[in-house]
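First the structure, in the form of structure tokens, and then the observations on it.
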Amino acid sequence: MSAVLKGAAADLPSLLPMREGDLDEVMAIESVIYTHPWTRGNFGDSLRAGYECRTLRLGKALLGYFVLMAAAGEAHLLNLSIAGAYQRNGHGSALLHEAAALARGLGARSLFLEVRPSNRGAQALYTRFGFRRIAVRRGYYPAHSGREDALVLTLPLA
Ligand SMILES: CC(C)(COP(=O)(O)OP(=O)(O)OC[C@H]1O[C@@H](n2cnc3c(N)ncnc32)[C@H](O)[C@@H]1OP(=O)(O)O)[C@@H](O)C(=O)NCCC(=O)NCCS
């Protein structure tokens, strides 16, 4: 675990398992930062499916969270989110680092994710982290008018 996430001191964020009891706060963030947010059911299903779901907290404040699915030597980052008030402070990078380390520890050789072409901020984060684009899924996401493609990105973990 990276120094920033050890949470040993009161002013350092802690990485914690996401629980059902976190979902009110998770949804409060999710519904604000996405045009097409996940539903509470999506998070509940992820928890019940045993996906790796984590929250990042500073004291009681929920800064962000991720959902990672790892199986058969691959990992998929299904959700990575930082609350609006806490963005651009390195927390997204820290969560990404933790997700990649977790995936590697679970035996994944590659980490995959999808991102909207319109989401320039997230793309900047992923490119800086070393992800590269491998495919485009046409019309993958719902959008305000019709559908939006998904860029498929991957990061080698070996
Ligand atoms: C994308 C997201 C997770 C990034 O989290 P974050 O904590 O703000 O990211 P960081 O502070 O670690 O950013 C690291 C670097 O990524 C790039 N970056 C991050 N957000 C950016 C933005 N909005 N615009 C441009 N570059 C951005 C920058 O290079 C940044 O470094 P800098 O701040 O020194 O310039 C966060 O903005 C978010 O939750 N957005 C809404 C949900 C979302 O889009 N999730 C991803 C779906 S695929």
Q.
Given contacts defined as C-alpha pairs under 8 Å and at least six residues apart, what's the relative contact order of the chain, whole-number percent?
A. 18 percent
Q. Looking at segment 59-158, which trypsin sites (Lys or Arg not before Pro) are DSSP coil and have at most 16 other C-beta atoms within 10 Å of their C-beta?
A. Lys60, Arg88, Arg109
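With a ≥ b ≥ c taken as the square roots of the eigenvalues of the C-alpha gyration tensor of segment 83-158, please select rounded if a/c is under 1.5 and otherwise prolate if a/b is larger than b/c or oblate if it is not? All intermediate terms of the calculation are to be shown ahead of the outcome.
On the way: a/c = 2.30, a/b = 1.29, b/c = 1.78.
It comes out oblate by the Cα gyration axes.
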(Q) Given points 7 Å out from each Cα along the Cα-Cβ axis, report the Arg128 to Arg104 separation in nanometres with one decimal. (A) 2.0 nm
**Q.** Estimated vicinal HN-Hα couplings, Hz - segment 84-100 in sequence order (Karplus 6.51, -1.76, 1.60; Gly, Pro = x)
**A.** x, 5, 10, 6, 6, 10, x, 6, x, 4, 5, 5, 4, 4, 5, 5, 5
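Exactly which chymotrypsin sites (Phe, Trp or Tyr not before Pro) in segment 1-107 are in a DSSP loop and have at most 12 other Cβ atoms within 10 Å? The partial results should precede the final answer.
Values: sites: Tyr34, Trp38, Phe43, Tyr51, Tyr65, Phe66, Tyr86; in loops: Tyr34, Trp38, Tyr51.
Of the chymotrypsin sites (Phe, Trp or Tyr not before Pro), not one in the loops of segment 1-107 has a Cβ with at most 12 other Cβ atoms within 10 Å.
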**Q.** Mean separation of Cα contacts under 8 Å (6+ apart) over length of segment 85-158, as relative contact order %
**A.** 36 percent
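Each value in this text was obtained by applying a stated rule to the coordinates, not by laboratory testing. Every value quoted in this text rests on a predicted model; they were computed, and no experiment measured them. Positions of Cβ are generated from backbone atoms using ideal geometry, with glycine treated the same way; all protein chains shown enter the neighbour counts.
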